[in-house]
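Participant: Got a structure for you, questions after.
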Amino acid sequence: MRKLADAKHWQHLTLPGQFLLAGAVVMIAAMVFVGNWVAQRIEGAVVQNSAASAALFMESFISPLGQELAETDTLSPPARQALEEIFAGTALGERVVSYKIWLEGGRIVHASDPALVGQIFEPSQELIDAWTGKVAATFEDLNDLEDETEAALGIPLLEVYSPIRQVWTGEVIAVAEFYEVADLLSSEIRDARKTSWLIVGGSFLASGLLLFGVVQAGGRTIRLQRQSLKEQLQTTEKVSAQNASLRRRVVAASSRATAQTERAIRRIGSDLHDGPAQYLSLASLRLDEALGKQPTPSQDAVLVREALDKALDELRIISRGLALPDLDGLELHRLIKRAVDDHNRQTGLTVTVDLNGTDHIVLNYAQKLCVFRFLQEALSNATRHAKVDHVDVRVRLVKASLIITLSDAGPGFDAESRRQVSSDGGQGLFGLTDRAESIGGHLSVSSLRGKGTTLVLTLPLEETTS
């Protein structure tokens, strides 16, 4: 939970805030590392320089007295006496609190502390380095066993290991170790550390502030751009909502207009069937009665009779084309069954209908009309053009859209060439597409020669209202 809370807090920080937090951690860690490294390098250089100076100074006193160690492993009494006099009651003795002279193997041949003479200790790394001819030194590092007396003094000491060389050959014959009071050196090292930390810390702080300023400016630009994008997005969403609202209103208006138009056409069809068609039938009947009383009808009478029959046939054809069943009271499955049954009675075409899961679908009049016309035209095309004896109709509800798929295994056709009004006045695929799109739907046609045809009508159910 704590990690989750920290992650959420991090995400809520601005870009400059994230940089400040992460940069502070990284820069502090880097500053500590670099500061320690620089301080150690400076301390090492100061200690080494001080040790070299001290070793050079001490060599002038100790080296002549230690030459006899090239031939023997002990110092003569005069040499020991001379060393004691050098370090006793002199200015040099005030600076050097103790000393030791080492032979190879870690044995002390002479020391300011007589108890150490003749003892053998494990050689330290500095002692080993001194036997190679180098001047080695440590500052306030009194952890070796032979350093117990010096460590007990509790003062800063510079421990220097200086090789004693034979004058004629330059060979290292012994190592002189001495402990010099380093109050001044300690002060210099503290000052050097303070200066190095100030330089390193100031450099990191300046670079961090500079980078933070850059990130702050970039973050401000990003915030302004984000705000601008947010405002643009809000404007776009508002316009999109307005467009969606307008689209729904247009589709609803188109649906109402389509429904009114179809109802008007249906009334016209009924009126033609019940009005002019009946009068023409009556006229034809009376004409037959009148002509039946004449032994030989005149040519004009015959022409009038034929004209009445043709007019009556035309009216019946027009009436049948305009007339539709009462779709308002039909549910989806009954509407589809009506369209299929009407076509089956006229053609004998076998139609398999799959209505699984569509019992609860409610359509308005424009949608019902679109479905009915789609089935009429698609089944008619299957009979007239595909000349098949079986068609599959599948109805599904997918993501708030009614999808009706009609497929056959006929010879197929070029779908683009059929998207036009048919020569006999039928709707055609072009008319069906316009009808579907006028109420927010879509009609797709998939057909390849020799591969059959599939028509898919998609009607979004939320687009229109009755």
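The values are calculated or read from the model by the stated rules, or taken from the named source; none is laboratory data. What you see is a predicted model, and the numbers here were worked out from it, not measured in a lab. Backbone-built Cβ (ideal geometry, glycine too); neighbour counts: all protein chains shown. Each accessible area value is taken on the protein alone, full model and side chains, heavy atoms only, with ligands, DNA and RNA left out. Shrake-Rupley method; radii C 1.70, N 1.55, O 1.52, S 1.80 Å.
Participant: Where does the charge balance sit around Pro163 when Lys and Arg score +1, Asp and Glu -1, over other residues with C-beta under 13 Å from its C-beta?
Facilitator: -4
Participant: Could you work out how far apart the two model spin labels at Ser444 and Glu331 are, taking each label as a point 7 Å from the Cα in the direction of the beta carbon, and quote it in nm?
Facilitator: Between Ser444 and Glu331, the simple spin-label model gives 3.0 nm.
Participant: If you roll a 1.4 angstrom probe over the protein chains with everything in place, what fraction of the accessible area of the stretch 103-179 belongs to carbon and sulfur, to the nearest %? Could you put the intermediate results ahead of the total?
Facilitator: Working: 1950 of 3770 Å².
Carbon with sulfur: 52 percent of the solvent-accessible area.
Participant: Taking 19 Å as the cut-off for C-alpha to C-alpha distance, list the pairs among Lys230/Lys399; Lys100/Lys134; Lys387/Lys451 that go past it.
Facilitator: The answer is Lys230/Lys399.
Participant: Give me Rg over Rh for the stretch 138-186, both radii from the alpha carbons and Rh done the Kirkwood way, two decimal places.
Facilitator: So for the stretch 138-186, dividing Rg by the Kirkwood Rh gives 1.11.
Participant: Per residue, how large is the accessible surface of the stretch 61-206? Use a 1.4 angstrom probe and give square angstrom.
Facilitator: Here the residues of the stretch 61-206 average 52 Å² of exposed surface.
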